[in-house]
Amino acid sequence: MTTRSYEQEVYVVRALEPRDAEAVHRIDRRSSGRERRGYLERRLQEALQTSGIRRSLAAECAGEGVGFLLAGVDYGEFGLPDPVAVVDTLGVDPGNRGQGVGRALVESLLAQVRGLGIDRVQTIVDWDRIELLGFLREMGFAPSPKLCLERATDGARRASDPADRRREGLE
């Protein structure tokens, strides 16, 4: 458990617990503007019940959940043998942003995985999440030398691909 303070507020960062589920849902809904209960339930179940190494954290202030970080450790991915910590979801209540909550969550994760001998943390971010990208940059994250590729399973092009939209005269 880590305790941090910002101005008058004291934030506690600790391991995620089952009692944090409602706060995680509330923070995610306020942050994303969407209801992602099914997705989060699966992630929370993994974080709380899976026997693999999970490093999921909660941040609270005065007993109220103000942030969370869902992460795990992969021991080899895409044919690479080195372990890597993977941040799956990071959320800070909009009313508590800019107060060090996200920083405390990420720094706590870094300290924990460093103690396991893991020297890399990865995450995937939508390119248009400018605020989140800026935060991650401030935390020392940089573009990976790997390129994430995707395609639709039905063979159709992705309608959201800006290059395709320009070629097709849609932009």
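The values are calculated or read from the model by the stated rules, or taken from the named source; none is laboratory data. This one's a predicted model, so the numbers in the text were calculated from it and none came from an experiment. Here Cβ is always computed from backbone atoms with ideal geometry, including for glycine, and neighbour counts include all displayed protein chains. With ligands, DNA and RNA removed, areas are computed over all heavy atoms of the protein, side chains included. Shrake-Rupley method; radii C 1.70, N 1.55, O 1.52, S 1.80 Å.
Checked against (1) touching a helix residue (DSSP H, G or I) at 6+ places or on another chain (Cβ under 6 Å); (2) at pLDDT 85 or above, THR2 passes all but condition (2).
Residues checked against (1) open to solvent by 40 Å² or more (accessible area, probe 1.4 Å); (2) of a type in the set (Asp, Glu):
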{"position": "ASP20", "(1), (2)": "no, yes"}
{"position": "ILE27", "(1), (2)": "no, no"}
{"position": "LEU48", "(1), (2)": "yes, no"}
{"position": "ALA58", "(1), (2)": "no, no"}
{"position": "GLY72", "(1), (2)": "no, no"}
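The residues of segment 137-171 that are of a type in the set (Gly, Ala, Ser) and modelled with pLDDT under 85, listed by number, are ALA152, GLY155, ALA156, ALA159, SER160, ALA163, GLY169. Across segment 108-130, which residue is least open to solvent (accessible area, probe 1.4 Å) among those that are part of a loop (DSSP other than H, G, I, E, B), of a type outside the set (Val, Ile, Thr) and under 17 Å from GLY91 (Cβ atoms)? Ranking the qualifying residues of segment 108-130, first place goes to ASP126.
Mind telling me which of the residues GLY98, GLY134, GLY102, GLY91 ends up being at pLDDT 85 or above, under 27 Å from GLY33 (Cα atoms) and assigned to a strand (DSSP E or B)? Before the answer, list the steps.
On the way: GLY98 fails: assigned to a strand (DSSP E or B); GLY134 fails: assigned to a strand (DSSP E or B); GLY102 fails: assigned to a strand (DSSP E or B).
Going through GLY98, GLY134, GLY102, GLY91 in turn, the sole match is GLY91.
With respect to (1) closer than 18 Å to ARG29 by Cα; (2) in contact with a helix residue (DSSP H, G or I) (Cβ under 8 Å, 6 or more places away or on another chain), the lone exception for THR123 is condition (1). Residue count for segment 131-156, restricted to those that are open to solvent by 100 Å² or more (accessible area, probe 1.4 Å), under 20 Å from the mean Cα position of the chain (by Cα) and among the hydroxyl-bearing types (Ser, Thr, Tyr): 0.
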